[in-house]
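Single-structure report; data block below.
Every number in this text was worked out from the coordinates using simple rules, so none of it is lab data. The structure presented is a predicted model; accordingly, all values stated were derived computationally and were not measured. Backbone-built Cβ (ideal geometry, glycine too); neighbour counts: all protein chains shown.
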Amino acid sequence: MSKRAVNLLRAEMAPAMVMTGERRPIDKTTLNTGAAVTTTLTRAQSGTLFLINGTDNIVVNMPALSKSNPGVKYEFLVTTAVASAKTVTFVLPGSAVSNWYTAIFVYAGASYPTSALVGDTLTLVATTAKNARVSMECVVDNGSASVWTATVIADQLATVG
């Protein structure tokens with residue numbers, strides 16, 4: 001095979017490996033400040049993995065009620081443990097009109113997983129260790145009430161109320 005033919009083949013093969021596919025956004029700043037934070041997420045942030053520094057209280061409000069919310073999803077990873085007497089709370093919109101449908105897994109729990117179905121506030125309690133994870137998705141929102149699913153994997157029992 002001639003040198004020209006080899007070079008043509010190489011050109012057809014290049015690049016030999018290309019990484020393709022979806023890459024989700026990772027937010028390393030909003031909830032990772034080490035200070036108290038209160039924020040409201042948007043539909044535009046759907047699919048984002050948020051890193052959490054639990055040194056101080058964090059309040060995460062879900063987007064306002066809207067028929068456009070079903071399918072919106074977020075994930076959270078605790079990278080600095082939730083401090084003593086501090087919490088990380090996830091709050092659904094409206095007053096007593098929305099509910100979490102939550103599956104909670106505790107690393108060393110003997111009787112877990114557990115399920116919590118009533119309440120609009122999901123809380124990671126004080127001393128929740130790093131590597132705790134929360135995944136959530138809006139499954140129903142008619143503009144006046146909503147239902148969100150959540151899966152919590154942590155060393156402490158998260159609460160819903």
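Okay, here's what the table says:
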| quantity | calculated |
| --- | --- |
| Exposure proxy order (Cβ contacts within 10 Å, fewest to most) of 24, 43 | 24, 43 |
| Segment residue 157-residue 44, length gained on full extension (0.36 nm per residue, minus Cα span) | 37.7 nm |
| Residue exposure sequence - 125, 78 - by fewest surrounding Cβ within 10 Å | 125, 78 |
| Highest-fluctuation residue, 84, 98, 135 considered, GNM on the chain with Cα pairs under 10 Å | 84 |
| Shape category assigned to the chain from the gyration tensor of Cα positions, a/c cut at 1.5 | prolate |
| Considering only the range 21-118, percent of DSSP beta bridges that pair antiparallel, nearest 5 | 15 |
| Neighbour-count ranking [beta-carbon atoms within 10 angstrom, fewest first] of 86, 130, 3 | 3, 130, 86 |
| Qualifying aspartates and glutamates (Cα of each under 16 Å from Cα of residue 3; at least 8 residues distant if same chain) | 12 |
| The range 27-160: Lys pairs at Cα distance under 21 angstrom, eight or more positions apart or on different chains | 4 |
| Whole-Hz ³J(HN,Hα) from phi, Karplus 6.51 cos²θ - 1.76 cosθ + 1.60, for the range 79-94, glycine and proline x | 9, 10, 3, 5, 5, 4, 6, 10, 9, 10, 10, 10, 10, 7, x, x |
| Phi to ³J(HN,Hα) by Karplus 6.51 cos²θ - 1.76 cosθ + 1.60 over the range 48-57, Hz, x for Gly, Pro | 7, 9, 9, 8, 10, 9, x, 4, 10, 5 |
| Amide H partners (placed H, <5 Å) of residue 127, local residues excluded | 82, 83, 84, 85, 86 |
| Per-residue [θ]222 nm for the chain (sum of -39500 (n - 2.57) over DSSP H runs n ≥ 4, rounded to 500) | -2000 deg cm²/dmol |
| Extension gain (nm, one decimal) between residue 97 and residue 133, 0.36 nm per residue minus Cα-Cα | 10.4 nm |
